[in-house]
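Every read-out reported here was derived from the displayed coordinates using simple, explicitly stated rules and does not represent laboratory data. Remember, predicted model here, so these are calculated numbers, not experimental data. Virtual Cβ from ideal backbone geometry, glycine too; neighbours counted across all protein chains shown.
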Amino acid sequence: MILRSFASFFHKLIPQFRLYGHGDDAFKAGPSFQHYTGGILQSRDCESTVGNFGWLSVSLIGFGVEGSKEFWLGRNSMGLGWGEGGYFRAKRNVTWCAIANDPIAGFV
């Protein structure tokens, strides 16, 4: 297996989703992520140490636009009862809790 980092060419991340399907990533998860029930995440509570959930590994599986808000679509291991059926949306094209700073994908 070969691991490929997308960080050095972040502007090409979306075409990589189209080619390879997803990227794995880690980011700082604050209380708003832990208690997320839907919508596009954009809280910066991850920057505080109070109630910080810590670093979390997720799969970024896509992207989209709702109205004028661009977002990443991701999933984690919290189960179907969390978020939007086990998935989340996080604001895209901003530095948000270090998400999409260094996504990687494995190739066989």
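Using 0.36 nm per residue and subtracting the Cα-Cα separation, the extra length available between Ser77 and Tyr20 on full extension is 18.4 nm.
Sorted fewest first by neighbouring Cβ atoms within 10 angstrom, Asp45, Asp25 come out as Asp45, Asp25.
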